[in-house]
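Here is the structure we will look at, set down as structure tokens.
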Protein chains: 2
Amino acid sequence: MPTQSRRERAREERRELILRTARELAESDGWDAVTTRRLAEAVDYSQPVLYGHFKNMNAIADAVALQGIEELTAVLRDARETGGLRALAHAYLDYAAAHPAVYEAMFVRPTALSFGTPDSPAALRSAFDQFIAAVDPVAGDDPETLAEVLWSALHGQATLNRTSRLRPTHTQARADALVSRLSGTYPAPADE
Amino acid sequence: MPTQSRRERAREERRELILRTARELAESDGWDAVTTRRLAEAVDYSQPVLYGHFKNMNAIADAVALQGIEELTAVLRDARETGGLRALAHAYLDYAAAHPAVYEAMFVRPTALSFGTPDSPAALRSAFDQFIAAVDPVAGDDPETLAEVLWSALHGQATLNRTSRLRPTHTQARADALVSRLSGTYPAPADE
DNA sequence: CTAGATTGTCTAGCGGTGCTAGTCTTCGGA
DNA sequence: TCCGAAGACTAGCACCGCTAGACAATCTAG
């Protein structure tokens, strides 16, 4: 049985090598640079080996996205428990800025991951739950809608920040303004 | 002079034919389907003709994006003048939903259009001015930041709506919730 | 210990992509 | 009328995702 297991272990390691390499390649040169040939070259195997582990190139990006969602969920949970809504917002934008390629795989590239409500990979639902928990204190009835508003607003900032479509000097101010307005605590408590 | 003009006119018509066809193709089959061969085939010319009018394939998408920005600006101006912030928000999302490929060319695909503040094609600045004007009544000092917050929030909703990452039943509710919170006119503080 | 089946891996190749060099043809101006 | 410019095309390069088919290594069974 150790034989069988040995093979499975090697196989799993190869899979992770591919994933890790793809992620690094994407993060350093963009997803366009992650081609079957280049990726195969980087892991020192031939292209067909990739297809023994993943259905196609897209499935590799999807797998990276899934990793990212789990990471992001942990980051968001921690931030929310520590510093509430404002901390969560900044943590989200920080993560997107720090891992642009992973972020792109998660939420920008077309993906086969199911987001609706059918059987989302649990990780997805769990990430979204952080948003619901974060807005709960300030949401009226229907926290889910407000959570969607928050998430999409952050997502918009993350993507437009990245593509240089917003003033790079005001990323913090935008995040703060969003949180203030959404939570209803803005005009600045008068002044002190 | 009519001779020279004749050529120029024909050239301009060809350019517009390419642009129109590319837009239709993108809108019906997605930008991935807009390849030099297919596009050339559709306009009944050979591929090199495309390069006589545009530097490369990306420049064609950029040109479509520029058209879209002008359209969108007009739509936003009209909505804002008629129904203020709320109308502008819904008009934005409606435009994005009605012309997904053009929207993608404008704000999702990597583009060579300069968004910063250097010499944005005027159309860009003019579109953004609609957001500033819309939030001005409810913004404190710094309407520009709030305008960026509004725009990115709408952009986030537009893109996540499109990729089925938000509940399709609640697009209106999300837009309304965003506008309410940003303008500060929501559940009514406290409860009555 | 050997025979056969399974698994791993590779080379080679298909059709498609963006883009360009080189050639020919058509047309406007002197 | 002749010539140069502009228009258009065929052919081709290097790359892409992906797969078929051959070969080598390994495990399983007798």
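FYI, it's all coordinate maths here, none of it is from the lab. None of these values were measured; they are calculated from a predicted model. Ideal geometry is used to build each Cβ from the backbone, glycine not excepted, and the neighbour counts take in all protein chains shown.
Across identical copies of the chain, A:ASP136 has label-point separations of 4.2 nm, listed in ascending order, with the point defined 7 angstrom from Cα along Cα→Cβ.
Could you work out the relative contact order of chain B, using alpha carbon pairs under 8 angstrom and six or more residues apart, expressed as a whole percent?
About 18 percent, as a whole number.
Per residue, the Cα convex hull of the protein assembly as shown amounts to 182 Å³. In nanometers and ordered shortest first, the copy-to-copy spacing of the A:GLY52 label point, defined 7 Å from Cα toward Cβ, is 5.2. Among A:LEU72, B:LEU17, B:LEU182, sorting on how many other beta-carbon atoms sit within 10 Å of each Cβ, with the fewest leading, yields B:LEU17, A:LEU72, B:LEU182. Once you reduce the range A:1-68 and the range B:121-182 to the center of their Cα atoms, the two points are 39 Å from each other.
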